[in-house]
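Worksheet for the structure shown next.
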Ligand SMILES: C[S@@+](CC[C@H](N)C(=O)[O-])C[C@H]1O[C@@H](n2cnc3c(N)ncnc32)[C@H](O)[C@@H]1O
């Protein structure tokens, strides 16, 4: 199982629950992508961030990387005629490998790391660290438990639980709870350079960087 079944209705489901908030969060650090030379978009799904990037006039070489063929097809169709230098790769993050001449200075991971269990993420994050350029950045956009009021936390907890259940049933994701990817990233040496919060703290977008001496 995977995300094939969800590829076409994905944007409608998202809009029904979150209106435009997730897209707003994905685009929080657009400037960092626009300044990049080589961009790797991990689990980019139906390509809405890619589309926004191309519409902003991105000139970087981009690799779209996703395991789902349907998602890839929807994304490819979405950006048809929008220009840009994009290669579409179907692959599993657990075996992530890139062409020799491609060393991304920016990696995008929007609503992607939450698909995995923490034990898996240790290896996934290590792997990303081996392919990223020296001084490269990773922009991680994902859900988190709001820090503020208990009502916001309760609402967040319920929503996150329901979403995880939905994706377990319809896409077979392995995550059973929201992984603490921030803790996992920092424990491997990644440092947060910038952070944006959306939707009352339920969604965050972090610009993470790994010092050269901490790379695997
Ligand atoms: C929750 S969706 C997020 C899609 C998109 N990034 C977004 O912001 O909406 C997760 C995406 O990760 C992809 N994915 C899941 N497991 C993967 C894996 N092991 N390797 C590569 N991509 C994977 C899915 O096919 C799906 O497109």
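The values are calculated or read from the model by the stated rules, or taken from the named source; none is laboratory data. Predicted model only: the values in this text are computed from it and were never measured. Cβ coordinates were reconstructed from backbone atoms using ideal geometry, including for glycine residues, and neighbour counts include every protein chain displayed.
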Assess whether residue 46 counts as being within 13 Å of the chain's Cα centre (by Cα), within 14 Å of the ligand (Cβ to nearest atom) and more than 26 Å from residue 192 (Cα to Cα). yes
Kindly indicate whether residue 45 is under 23 Å from residue 174 (Cβ atoms), in a loop (DSSP other than H, G, I, E, B) and in contact with a strand residue (DSSP E or B) (Cβ under 7 Å, 6 or more places away or on another chain). yes
Looking at 125, 62 in this structure, which one is buried (at least 21 other Cβ atoms within 10 Å of the Cβ) and more than 24 Å from residue 168 (Cα to Cα)? 62
Only one of 24, 11 that is over 18 Å from residue 113 (Cβ atoms), within 13 Å of the ligand (Cβ to nearest atom), in contact (Cβ under 8 Å) with a residue 40 or more places away in the chain and assigned to a helix (DSSP H, G or I): 24
Total residues in segment 88-105, condition more than 16 Å from the ligand (Cβ to nearest atom) and either under 22 Å from residue 208 (Cβ atoms) or not in a loop (DSSP other than H, G, I, E, B) (or both): 3
Filter segment 137-181 down to the residues that are assigned to a helix (DSSP H, G or I) and in contact with a strand residue (DSSP E or B) (Cβ under 7 Å, 6 or more places away or on another chain), then identify the one that is modelled with the highest pLDDT. 160
Restricting the search to segment 64-87, which residues are away from the ligand (no atom under 12 Å from the Cβ) and outside any helix (DSSP H, G or I)? 79, 80, 81, 82, 83, 84, 85, 86, 87
With the requirement that a residue be more than 19 Å from residue 203 (Cβ to Cβ) and surrounded by fewer than 21 Cβ atoms within 10 Å (Cβ to Cβ), what does segment 13-37 give you? 34, 35, 37
So, residue 32, is that one in contact with a strand residue (DSSP E or B) (Cβ under 7 Å, 6 or more places away or on another chain) and farther than 22 Å from residue 124 by Cα or not? yes
Within segment 106-120, take every residue that is within 11 Å of the ligand (Cβ to nearest atom) and not in a strand (DSSP E or B) and give me the one that is farthest from residue 31 (Cα to Cα). 120
Condition test on residue 52, is it touching a residue at least 24 places away in the same chain (Cβ under 8 Å) and within 12 Å of the ligand (Cβ to nearest atom)? yes
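Residues checked against (1) under 22 Å from residue 126 (Cα atoms); (2) loosely packed, with under 13 Cβ neighbours inside 10 Å:
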residue: 160; (1), (2): no, no
residue: 165; (1), (2): no, yes
residue: 195; (1), (2): yes, no
residue: 204; (1), (2): yes, no
If you check residue 79 against the conditions, is it surrounded by 13 or more Cβ atoms within 10 Å (Cβ to Cβ) and in contact with a strand residue (DSSP E or B) (Cβ under 8 Å, 6 or more places away or on another chain)? yes
